[in-house]
Amino acid sequence: MLEVEDLVTSYGAVRALDAVSLSTKDGAITAVLGANGAGKTTLLRTIGGLVAPDSGRVRFDGTDVTGWPADRLTRNGLVHVPETGGVITEMTVEENLRLGALWRRDRADRAAALREVLELFPPLAERRNKLAATLSGGERQMLAIGRALMSRPRLLLLDEPSLGLAPLITLRILQVIEDLRAATGLTVLLVEQNARSALSVADHGFVLSLGKVVATDRAEDLLADDQLRHAYLGF
Ligand code: ATP
């Protein structure tokens, strides 16, 4: 599904990704973990077409998509939900959702996608005509994910969906991701600082430190590795 090979991304003199390689399987949830500044956001931004890498390759379903802009990736099934979600607070919930499918030509298809997303997130259905500014943090995160789902992606890049949320709300959001994967076979690359919650839903994990992959394993094996947890995952 996704193959990242020797990706190097810099901001001026700061090398944020230092030859990162990783891959995900179809229909798997893969967690990218690591401390602040490890390079997790940069990795998603580079895969998602928001930052150009210095070198390396990103392949999606066998196609080399390195350097493709975000809108082209979206149209081809790879959607990035950024850290802050990018919800437009001056617009209603429904208007925000519709933005996610503006590029789709088929009206009936857009309407079906809207119905599906509203079914998936009942709090959004209840607040459909309310301004996004009135939503709680958890609901805004649902809206950001819902908008991404409007384009029916095959691969979702999710950056810190738990940021600023209470643990219970975080679990609920991760549960929806897990249900979606089970129902639709969606593949997810999930960036989290909250390693414990991320590994509770992920199949595999990669641990980044200072721009390098320092560990990769099945989620349960990462959770069971005390030394690794203490050194890199903070719990
Ligand atoms: P966080 O959880 O804090 O978002 P992260 O693991 O996502 O951390 P990145 O945000 O990718 O890490 O940052 C990786 C490195 O790149 C850090 O050293 C950071 O200071 C640097 N960096 C990130 N964004 C920029 C930028 N726009 N300009 C300069 N340096 C940056």
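Normalised radius of gyration for the chain, please: alpha carbon Rg relative to 2.2 N^0.38 Å, two decimal places. Mind dumping the intermediate values first?
On the way: Rg = 17.2 Å, N = 235, 2.2 N^0.38 = 17.5 Å.
Dividing the Cα radius of gyration by 2.2 N^0.38 Å gives 0.98.
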Which of the lysines could be linked to residue 25 by a straight reach, that is with a Cα gap under 23 Å, when you skip same-chain ones fewer than 8 residues away? 40, 212
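Could you give the size of the charge dipole of the chain about its Cα centre, using +1 on the Cβ of each K and R and -1 on the Cβ of each D and E, expressed in debye and rounded to the nearest 20? Present the calculation step by step, with values, prior to reporting the outcome.
Details: 27 positive and 30 negative charges, 149 e Å.
Roughly 720 debye for the chain.
Scan the stretch 166-223 for trypsin sites (Lys or Arg not before Pro) in coil per DSSP, keeping those whose Cβ has at most 16 other Cβ atoms within 10 Å, and list them by number. Could the numbers behind the result be given before it?
On the way: sites: 172, 181, 196, 212, 218; in loops: none.
Sparse-neighbourhood loop trypsin sites (Lys or Arg not before Pro): none present.
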Show me the trypsin sites (Lys or Arg not before Pro) within the stretch 9-101 that DSSP assigns to loop and that have at most 13 other Cβ atoms within 10 Å of their Cβ. 25
Relative contact order (percent, whole number), the chain, Cα cutoff 8 Å, 6+ residue spacing: 28
Using modelled amide H (1.01 Å from N, peptide plane; none on Pro or chain starts), what sits under 5 Å from the amide H of residue 16, excluding residues fewer than 5 places away? 9, 10, 11
Projected area averaged over orientations for the stretch 1-57, convex hull of C-alpha atoms, nm²: 3.9
Shape verdict for the stretch 1-134, please, from the Cα gyration tensor: rounded (a/c under 1.5), prolate (a/b greater than b/c) or oblate. prolate
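Restricting to DSSP loop positions (anything but H, G, I, E, B) with no more than 12 other Cβ atoms inside 10 Å of their own Cβ, which chymotrypsin sites (Phe, Trp or Tyr not before Pro) remain in the stretch 1-109? Spell out each step's value before the answer.
Values: sites: 11, 60, 103; in loops: 103.
Those satisfying the criteria are 103.
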Under Stokes-Einstein, with the Kirkwood radius over Cα pairs standing in for Rh, what whole-number D in µm²/s applies to the stretch 57-109 at 20 °C and 1.002 mPa s? 164
To the nearest 20 debye, what charge dipole does the stretch 127-171 have about its Cα centre, counting +1 at the Cβ of each Lys and Arg and -1 at the Cβ of each Asp and Glu? 320
Rg/Rg_ref, the stretch 123-235, where Rg_ref = 2.2 N^0.38 Å and atoms are Cα: 1.16
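Per residue of the chain, what 222 nm ellipticity follows from adding -39500 (n - 2.57) for every DSSP H run with n ≥ 4, rounded to the nearest 500?
-10000 deg cm²/dmol
List the relative contact order of the stretch 144-235 as a percent without decimals, with contacts defined as Cα pairs under 8 Å and 6+ residues apart. Intermediate results must be reported in sequence, preceding the final value.
On the way: 88 pairs, mean separation 20.8, N = 92.
Over the stretch 144-235, the number comes to 23 percent.
Please report, in debye to the nearest 20, how large the charge dipole of the stretch 181-235 is about its Cα centre when each Lys and Arg carries +1 at its beta carbon and each Asp and Glu carries -1 there. Write out the running numbers ahead of the final one.
On the way: 5 positive and 7 negative charges, 35 e Å.
Computed about the Cα centre, the dipole is about 180 debye.
Read-outs: derived from the displayed coordinates by stated rules, not from any lab. Computed from a predicted model, the values in this text were never measured in an experiment. In this analysis, Cβ positions are derived from the backbone assuming ideal geometry, glycine residues included, and neighbour counts consider all displayed protein chains.
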